[in-house]
Amino acid sequence: SSGVLPMPERPSSTMVPPLPAIARASRLRTTSSSCRRPTRSALRMWLRAVVYAAGVAGFSFETDQLRRVARRLEPLSKQKRPDIANALRFVHNLLAFNLGRIHTVRTAGHTELEAFIEDPGDYSLSERRLVIGGAIFQRGLAAVRSGSPEALAEIAALERLDTKLWNMGALQLRAHYHLWRGEDDEARRIWTEAELEFVRLGSLWQLECVH
């Protein structure tokens, strides 16, 4: 088995909008909270687009695409904001998985995620699900790759988030779970289901990521 299942054509990471204008805005200093709020919202939306693009590349094991997405984040890498740190961790962990650094995927960011779950700040419910789902998906990747029995528990946790994006992620984890066990027919059956679901949803699951 090759370990890779072909997925339908998806938008590439080059769809991520350029950062400079938003980055300049994020560094503006103003005493007005009403002025800061649109800037923060714009940056949050850009970060969600980055996470979506990374997920697209990660789902299909496109390492070069992940590297390009990571480079889009580099101008913000020294900032300490939790939303930026979450996006960086997600992208870097997907890249680590593709490079075979499973221990990194297993251990990176656990303390930060626990702190985030305890105090999510002003994140909306949909944003919290996006962040938490990203961490669960990555733990699931590591569990699937290592043959851990925790893989199915991670898949179930992803499904409980009840979002279009992570329901797709759960299907793909299930496919890879069976693939790594040598159960190619079941893996391809689930992968076909994921393809059909992707076509059925169209752009709806993308909108869930960026709004």
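Here, each number is a calculation from the coordinates, and none is a lab measurement. The model shown is predicted, which means the values in this text are computed figures rather than measured ones. Every residue, glycine as well, gets a Cβ built from its backbone with ideal geometry; the counts of neighbours run over all protein chains shown.
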Compute the signed sum of charges (Lys and Arg +1, Asp and Glu -1) over the other residues within less than 12 Å, Cβ to Cβ, of A170. -2
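May I ask you to list the trypsin sites (Lys or Arg not before Pro) in segment 58-147 that are in a DSSP loop and have at most 16 other Cβ atoms within 10 Å of their Cβ?
Values: sites: R67, R68, R71, R72, K78, K80, R89, R101, R106, R128, R129, R139, R145; in loops: K78, K80, R101.
Those that pass, being in a loop and sparsely packed, are K78, K80, R101.
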Applying the Karplus parametrisation 6.51 cos²θ - 1.76 cosθ + 1.60 with θ = phi - 60° to the phi angles of segment 135-144, what ³J(HN,Hα) value in whole Hz is obtained for each residue in order, glycine and proline being reported as x? 5, 5, 4, 5, 4, x, 4, 5, 5, 4
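Give me the net charge for the shell around G100: Cβ to Cβ below 13 angstrom, other residues only, Lys and Arg +1, Asp and Glu -1. Can you show the working numbers first?
Numbers: positive: R101, R106, R145; negative: none.
Neighbour charge sum, excluding G100 itself: +3.
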